[in-house]
Amino acid sequence: MIDKIINKSSKKNCILLVPLDWGLGHATRCIPLIREFEANGCEVIIAAENPVKSLLQHEFQHLTFIPLKGYGIRYSVKSHWLPLKILSQLPRILHRIYKEHKWLKKVVKKYSVTAIISDNRFGLYHSHIPSVYITHQLLIKTGGTFSEKIARQIHGWFINKYTFCWIPDFEGMINIGGELSHPSIYPSNTKFIGCLSRFEKKAGFEKNNDLLIIISGPEPQRTIFEELLLPQLRQYKGKTLVIRGLPGIEENDKNALGINTANSHLVIKNHLSARELNDEIEQSALIISRSGYTTIMDLIKLKQKAVLVPTPGQTEQEYLAGHLMKQHFFFTTRQAGFILTDVLKQAAEFPFAVPFFDMDQYKKVVYQFVQTL
């Protein structure tokens, strides 16, 4: 009996972590959480399929990965059709939520899971073990007052199924998410955990790149943005690195992308590891990227000047870009009519001012959570 008690107490806590498959941002912001759970002596199991699996496997080759189908949310080419496009997929998404909830019960038993971390996946709550839902968007921007009210009620219903709701933002007036993460009414189980960034601010870097362009997000808008930028880069003479946001895809020759190999000032990569991207951001004078929440957190942690280009039709990204420009965190511009030379001139005159935040707040939250298991 004593041996059994000792074995049970010395057994590692098993954390099941599942990020949403809507772009790569949900996966990348889970990287610091995975590291912190491991630092606190936990075993981490990740449920994902490509490309999320490829990205996380690149960072954590030693971890166990198990398959779980994503929601497979599809975008429209025309941004004004996006709300209708997502609405049409709602029955399939609800079916996936039902299926993942059934799947969870089997996985918890098979792997002796002691806690669940779900980044914006609705069906991963459990009646017998602690479950955490991560979201920065308590207020879901839909473009309409009535639809926002309905979305908030549905989202709140799912949030309340979880033990805790972790918000990757700061509680005060100076924050990242604005009214998205600071609505007038909060679910009772919410807790602000601060910024989640996989990056570390380092000293001694020179600005070797004039421009770093990070292309990311779901298709087809990722490709549309890329095809808008690449032709303009043929004329730009500054030293430029383009990251295409395609993990697990073999590198292309520049000629295949319509870029003359004589353009030695331009380097194109499909994907970089977190460490490589960390260094490249710090070595770049200016960043051009989407205004995805995870990208924003990374830029804030590294205190980098950036131009944010919201994904067309994503009301959340459009709101965030505008909110942060008003606070002078970043400059923003629309994808429609994007002219690189004009944008660079405007960014050069913008008064960038990213404030100081406690970037280790989430570590305390993880430690306290693990102590309760």
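The values are calculated or read from the model by the stated rules, or taken from the named source; none is laboratory data. The structure presented is a predicted model; accordingly, all values stated were derived computationally and were not measured. Positions of Cβ are generated from backbone atoms using ideal geometry, with glycine treated the same way; all protein chains shown enter the neighbour counts.
Data table
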{"quantity": "Residue that is surrounded by the fewest Cβ atoms within 10 Å (Cβ to Cβ) [pool: residues in region 52-66 that are at pLDDT 95 or above and among the β-branched types (Val, Ile, Thr)]", "calculated": "Thr64"}
{"quantity": "Selected residue (criterion: farthest from Cys195 (Cα to Cα)) from residues of region 110-169 that are assigned to a loop (DSSP other than H, G, I, E, B) and either aromatic (Phe, Trp, Tyr) or not assigned by TED's automatic domain parsing to the domain that holds Asn189 (or both)", "calculated": "Tyr125"}
{"quantity": "Subset of region 211-224 [within 21 Å of Ala306 (Cα to Cα) and out of contact with any strand residue (DSSP E or B) (no Cβ under 9 Å at 6 or more places or on another chain)]", "calculated": "Gly217, Pro218, Gln221, Arg222, Thr223, Ile224"}
{"quantity": "Matching residues in region 146-197 - criterion: being touching a Pro at 6+ places or on another chain (Cβ under 8 Å), exposed (fewer than 15 other Cβ atoms within 10 Å of the Cβ) and farther than 29 Å from Thr372 by Cα", "calculated": "Ser147, Ile174"}
{"quantity": "Residue pairs meeting the criteria (Cβ under 6 Å; at least 6 apart or on separate chains; first basic (Lys, Arg), in region 359-370; second modelled with pLDDT of 95 or more and crowded, with 18+ Cβ neighbours inside 10 Å)", "calculated": "Lys363/Glu36"}
{"quantity": "Members of region 292-333 that are of a type in the set (D, E, K, R), closer than 17 Å to Leu211 by Cα and surrounded by fewer than 20 Cβ atoms within 10 Å (Cβ to Cβ)", "calculated": "Lys303, Lys305"}
{"quantity": "Flag for Glu49 being surrounded by fewer than 19 Cβ atoms within 10 Å (Cβ to Cβ), within 17 Å of Asp298 (Cα to Cα) and not assigned by TED's automatic domain parsing to the domain that holds Pro247", "calculated": "no"}
{"quantity": "Residue match in region 213-223 (condition: assigned to a helix (DSSP H, G or I), exposed (fewer than 15 other Cβ atoms within 10 Å of the Cβ) and hydroxyl-bearing (Ser, Thr, Tyr))", "calculated": "yes"}
{"quantity": "Residue in region 123-140 that is surrounded by the fewest Cβ atoms within 10 Å (Cβ to Cβ), counting only those that are modelled with pLDDT under 95 and in contact with a Phe, Trp or Tyr (Cβ under 9 Å, 6 or more places away or on another chain)", "calculated": "Gln137"}
{"quantity": "Conditions (1) at pLDDT 90 or above; (2) out of contact with any helix residue (DSSP H, G or I) (no Cβ under 8 Å at 6 or more places or on another chain); (3) surrounded by 15 or more Cβ atoms within 10 Å (Cβ to Cβ): number failed by Lys102", "calculated": "(3)"}
{"quantity": "Filtered residues of region 33-62 (kept if assigned to a helix (DSSP H, G or I) and among the aliphatic types (A, V, I, L, M))", "calculated": "Leu33, Ile34, Ala39, Val52, Leu55, Leu56"}
